[in-house]
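Any read-out appearing in this document is the output of simple, stated calculations on the displayed coordinates, not a laboratory observation. Quick caveat: nothing in here was measured; it's all calculated off a predicted structure. Here Cβ is always computed from backbone atoms with ideal geometry, including for glycine, and neighbour counts include all displayed protein chains.
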Amino acid sequence: MRIGIVSDTHNHLRNVQRIVELMNAAAVDRVVHTGDITKASTLELFAGLGAELVGVFGNNDVERAALQAVAERHAMRLAEPPLSVTWAGRRLLVLHDPYHLSAEQLTAHDVVLHGHTHRAVCERRNGALVVNPGESAGWLPGHNTVGVLELERLEVEWLRF
């Protein structure tokens with residue numbers, strides 16, 4: 001199973017359109033957004049994905065009711081963090097702010113996906129693979145990244161744009 005990972009889009013619509021193109025070309029099975037979507041218009045663009053979008057709210061997602069309404073209309077799943085799911089036999093934890101991550105959460109999951117820092121990270125901590133897809137809000141032109149996680153092998157491929 002291939003999981004697309006995106007974070008901190010901050011309503012940068014041109015980048016969101018590019019992310020949709022990249023994820024569709026990568027033929028991911030699901031896309032996880034780790035928060036800071038910001039506006040409902042961003043989710044409208046994510047409706048162009050060929051895969052289900054699952055995500056959590058971030059600290060800048062203050063328009064939760066509008067985001068939730070669009071998510072429901074497009075069969076997307078948004079939740080308050082942390083969100084724990086099991087896909088392809090792997091336990092994943094999705095949250096926005098990594099500073100809220102506990103040692104117990106690390107040991108209880110195979111993979112932790114987060115955002116907030118705008119820095120791409122892929123490292124092992126307490127037995128879990130911890131991934132932040134990095135910058136996608138357009139604040140660092142030429143350094144925008146999203147990730148594709150191969151769940152069986154627990155390998156991440158970076159897609160730069």
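Dipole of the chain, Cα-centred, from +1 at each Lys and Arg C-beta and -1 at each Asp and Glu C-beta, to the nearest 20 debye? Mind showing how you got there, number by number?
Values: 15 positive and 19 negative charges, 28 e Å.
Dipole of the chain, to the nearest 20 debye: 140 debye.
Treating the angle as unsigned and between 0 and 90°, give the value, to the nearest 10°, between the Cα long axis of helix 13-25 and the longest Cα principal axis of the chain.
With rounding to tens, the tilt is 60 degrees.
If I model a spin label as a point 7 Å beyond the Cα along the Cα-Cβ vector, how far apart are those points for ALA66 and HIS100 in nm?
2.1 nm
Among MET23, MET1, which comes first, then next, by fewest other beta-carbon atoms within 10 Å?
So the residues, fewest neighbours to most, are MET1, MET23.
Normalised by the residues of the chain, what does the relative contact order come to in percent, with Cα pairs under 8 Å and at least six apart?
Relative contact order here is 24 percent.
Once you wrap a convex hull around the alpha carbon atoms of the range 2-160, what is its projected area averaged over all directions, in nm²?
Here the figure is 8.0 nm², rounded to one decimal.
Write down the percent of antiparallel bridges among all DSSP beta bridges whose residues are both part of the chain, to the nearest 5.
55 percent
Net charge near THR38: determine it from the other residues with C-beta under 15 Å of the C-beta of THR38, scoring Lys and Arg +1 and Asp and Glu -1.
Working: positive: ARG14, LYS39, ARG64; negative: ASP8, ASP36, GLU44, ASP61, GLU63, GLU135.
Summing Lys/Arg as +1 and Asp/Glu as -1 gives -3.
If exposed GluC sites (Glu not before Pro) are those in a DSSP loop with at most 16 other Cβ within 10 Å, what is the longest stretch of the chain that has none?
Counting only loop sites that pass the neighbour cut-off, the longest clear stretch is 64-151.
Taking every DSSP beta bridge that has both residues in the range 75-118, what percent is antiparallel when rounded to the nearest 5?
Numbers: 5 of 8 bridges.
Of all bridge pairs located within the range 75-118, approximately 60 percent are antiparallel.
Please arrange THR42, THR9 by how many other C-beta atoms lie within 10 Å of their C-beta, fewest to most.
THR42, THR9
Taking the Cβ of ASP29 as the center, what net charge do the other residues with Cβ under 11 Å away carry, scoring Lys and Arg +1 and Asp and Glu -1? Walk me through the numbers on the way to the answer.
Numbers: positive: ARG2, ARG30; negative: GLU52, GLU150.
The answer is 0.
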